[in-house]
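All remarks here apply to the structure that follows.
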Amino acid sequence: MKTLVIITGPTAIGKTKAAIETAKYFNTEIVSADSRQIYKELSVGTAVPSPADMESVRHHFIHTHSIHDSINASWYETEAIELLESLFLKYNTVVLTGGSMLYIDAVCKGIDIVPDIDPELRKNLKVQLEEKGLEHLRLQLKKLDQKYYQQVDLKNPARIVHALEVCLMTGKPYSSFRKAEPKKRSFNILKTALNCERAKLHTRINHRVDEMISNGLEEEALRMFPLRHLNPLNTVGYREFFEYFDGKISKVKAIELIKRNTRRYARKQLTWFRNDSEYTWFRPEEIKKLIKFIEITIQNQ
RNA sequence: GGUGCCAUAGCUCAGUUGGUAGAGCAACGGACUGAAAAUCCGUGUGUCCCUGGUUCAAUUCCAGGUGGCACCA
């Protein structure tokens, strides 16, 4: 039986190392579920696996696309499933690692299909949001999709805008596309995650950010500065430097904010993963125990 | 050694004419279906330094202690 082993956890916990050792043990390859490491233009700020790491085990979806490509969770689902189908022709076990919660869910459960959104429409709604306010969009949504209107977070512009996009694009309510039925996969899924005490995690995060700074994050961010409007650059580590380049904050402040925002990101990840009872948790130094657990679980399937 | 000032949340500080307290930052919890490292919602977490005194009641007033800072020797 084919098994997809998921190794996730908060940022900076040590997923890369655990995934590489696991993949080596099972003599297989790694599929990345990281919404930022996929971009070839980003390296320092996303802490991509090192060249040595990349050489020791074959990785997928690392530096394979450009920040100019339009990539999202649904696209990732399609691509990842296609890749996994082909990998499972060669391997019984494949490792999926990364911290992008929605991307992992896209592979495990799938995302309901909605039509592609015309970029002009998206832009238009963005302008409406800025000029006429959220309430204006909310009223439109109320008319077009009563059902979703009642369940959506009415204070969240991203949700309102997306629902409206779909309604206007298709002429059908957004809720009619939301099946929320997990898709069947042709492989088993084994979910594992790493975590440690919060104070330790914060120390790891702070160290990692300091490392990024000495590895040239500022220079990388400066190269990206002209492209700041692209969604992939709305990312911790870059946007704080953009503020610094704008003269809005000091460099010291920018670095402080990168640390804080990374901590908050880690917390958000933990909230998401904790909520999924299918995860079995390990400490970052328990890689051997993790591998043993995977081996035994696969045997018993 | 002497004198003065200070001691309240993780940090910086406010406050209580005596009725056990609140801001900013940090932190913490939650939502999440095509932007997800995105977007949004929520929450004070406290031996008010210690001991004794006055008082119905002390974080607040008084005394002593401890620690910190400043100045004088």
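The values are calculated or read from the model by the stated rules, or taken from the named source; none is laboratory data. Quick caveat: nothing in here was measured; it's all calculated off a predicted structure. We place every Cβ from the backbone using ideal geometry, glycine too, and count neighbours over all the protein chains shown. For the accessible areas, the whole protein counts, side chains as well, though only heavy atoms, and no ligand, DNA or RNA atoms are used. Shrake-Rupley method; radii C 1.70, N 1.55, O 1.52, S 1.80 Å.
Observations on the structure shown:
- Residue in the range A:287-297 that is more than 7 Å from RNA strand B (Cβ to nearest atom), in a loop (DSSP other than H, G, I, E, B) and open to solvent by 30 Å² or more (accessible area, probe 1.4 Å) present: no
- Residues (in contact (Cβ under 8 Å) with a residue 24 or more places away in the chain and open to solvent by 50 Å² or more (accessible area, probe 1.4 Å)) located in the range A:269-286: A:TRP272, A:GLU278, A:TRP281, A:ARG283
- Criterion: assigned to a helix (DSSP H, G or I) and either of a type in the set (Gly, Ala, Ser) or within 8 Å of RNA strand B (Cβ to nearest atom) (or both) - qualifying residue of A:ASP116, A:ASP105, A:ASP112: A:ASP105
- In a residue-by-residue description of the range A:132-148, the property of being at negative phi and not in a helix (DSSP H, G or I) applies to at least one position.
- Filtered by the rule that a residue be part of a helix (DSSP H, G or I), more than 27 Å from A:ILE213 (Cβ to Cβ) and either of a type in the set (D, E, K, R) or more than 14 Å from RNA strand B (Cβ to nearest atom) (or both), the range A:248-286 gives a lone residue, A:ARG274.
- Each residue in the range A:74-99 was checked for being open to solvent by less than 10 Å² (accessible area, probe 1.4 Å) and either near RNA strand B (Cβ under 7 Å from one of its atoms) or of a type in the set (Ser, Thr, Tyr) (or both), and 2 pass.
- Residues (within 9 Å of RNA strand B (Cβ to nearest atom) and either open to solvent by less than 50 Å² (accessible area, probe 1.4 Å) or within 17 Å of A:THR16 (Cα to Cα) (or both)) located in the range A:39-70: A:LEU42, A:GLY45, A:THR46, A:ALA47, A:VAL48
- For the range A:1-14, a residue qualifies if it is under 14 Å from A:GLU286 (Cα atoms) and surrounded by fewer than 24 Cβ atoms within 10 Å (Cβ to Cβ), and exactly one does: A:GLY14.
- Count of the range A:149-163 residues which are part of a helix (DSSP H, G or I), of a type outside the set (Gly, Ala, Ser), surrounded by 13 or more Cβ atoms within 10 Å (Cβ to Cβ) and more than 6 Å from RNA strand B (Cβ to nearest atom): 2
- For A:SER175, the conditions (1) out of contact with any Leu (no Cβ under 9 Å at 6 or more places or on another chain); (2) of a type outside the set (Lys, Arg); (3) assigned to a loop (DSSP other than H, G, I, E, B) all hold with the exception of (3).
- Residue match in the range A:124-146 (condition: touching a residue at least 40 places away in the same chain (Cβ under 8 Å), open to solvent by 50 Å² or more (accessible area, probe 1.4 Å) and either of a type outside the set (A, V, I, L, M) or within 11 Å of RNA strand B (Cβ to nearest atom) (or both)): no
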